[in-house]
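Here is the structure we will look at.
The values are calculated or read from the model by the stated rules, or taken from the named source; none is laboratory data. As the structure is a prediction and not an experimental result, all values here were calculated from the model. Note: ideal-geometry Cβ built from the backbone for every residue, glycine included; neighbour counts use all protein chains shown. Remember, those area values only see protein heavy atoms, side chains included, never the ligands or the DNA or RNA. Shrake-Rupley method; radii C 1.70, N 1.55, O 1.52, S 1.80 Å.
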Amino acid sequence: MKRILLFLATNLAILLVVSVVFNIVIAATGIDAQGSVGLLVFCALFGFGGAFVSLWISRWMALRSTGARVIEQPQNQSEEWLLRTVQQQAQKAGLPMPQVAVYQSPEPNAFATGRSKKASLVAVSTGLLQNMNADEVEAVLAHEVSHIANGDMVTLTLIQGVINTFVMFFARIIASALMRGGDNQRGGGFAYYGVVMLLEVVFGVLASTIVMWFSRQREFRADAGSADLVGKQKMIAALRRLQQGKESQLDGTMLAFGINGKRSTISKLFMSHPPLDERIHALEQRR
């Protein structure tokens, strides 16, 4: 219930801030608020605003969603090893030390998130620690550290902001054309907003293939980064270990930075992670 209330409050706050900023921009530039340019400005403010708010609170939301505990004072040798390993990898990658957390889950998984390289988080499940040996866990940690080093969180936010902007914009332009015979002005009552919502769903699904493509590419890059940090054989061993287990049940948000992605039975276009076989093959081809 708290998560739902937080989600609603966050979106209301975004809408309020975007409305205020939109009015300031319109007043300062003299752009026609009812024209296509004004609509594009509004969609951009809302699309990027939502994406960046999600990025800003991503670390907090990740901890809340998984119940992960940030390791501040190691309670055992395993936690000491985790902190030491991430610290060494971060130094080698030229990064500030990220937060390190552990969460309870039988599924072997890990993720990295955070609004910047200076405010990042690497979290691993207890299932990962229990089902992998030290070399394999080390490779998984290096994979997540590489996500941070590659700036994947910020890049994905920018891509998502662009996607949000044009999904909102074209949905409203087409809805206006359908409902008003070509008039681009916003408005039109419940029927208009019903068409907008339907078009946003359709365009959103189609546009998600772009986001998923980038997500698959960054997994290959993070695998390569792990190979550079700890050696490709360790990363290959970790991926092969994952092949032996069942697919992760984490939601899409965590899977965006997880080590183990779900396979889509609909189409590879909608997969956030490449098949493990392809990732292993890509690493085997590296010299």
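One table, with the values for the structure above:
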read-out	value
Checking residue 54 against (1) at pLDDT below 90; (2) at positive phi; (3) not acidic (Asp, Glu), the condition it does not meet	(2)
Where a residue in region 125-145 is free of Cβ contacts under 8 Å to residues at least 60 places away in the same chain and its partner, wherever it lies, is assigned to a helix (DSSP H, G or I) and hydroxyl-bearing (Ser, Thr, Tyr), with Cβ under 9 Å and at least six apart	125/66; 129/78; 134/85; 141/85; 141/226
Residue ID - surrounded by the fewest Cβ atoms within 10 Å (Cβ to Cβ), chosen from residues in region 102-124 that are farther than 13 Å from residue 145 by Cα and within 18 Å of the chain's Cα centre (by Cα)	115
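For (1) open to solvent by less than 10 Å² (accessible area, probe 1.4 Å); (2) under 17 Å from residue 137 (Cβ atoms); (3) modelled with pLDDT of 90 or more, each residue gets a yes or a no:
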position: 192; (1), (2), (3): yes, no, no
position: 198; (1), (2), (3): no, no, yes
position: 207; (1), (2), (3): no, no, yes
position: 212; (1), (2), (3): no, no, yes
position: 218; (1), (2), (3): yes, no, yes
position: 235; (1), (2), (3): yes, yes, yes
position: 258; (1), (2), (3): yes, yes, no
position: 265; (1), (2), (3): no, no, no
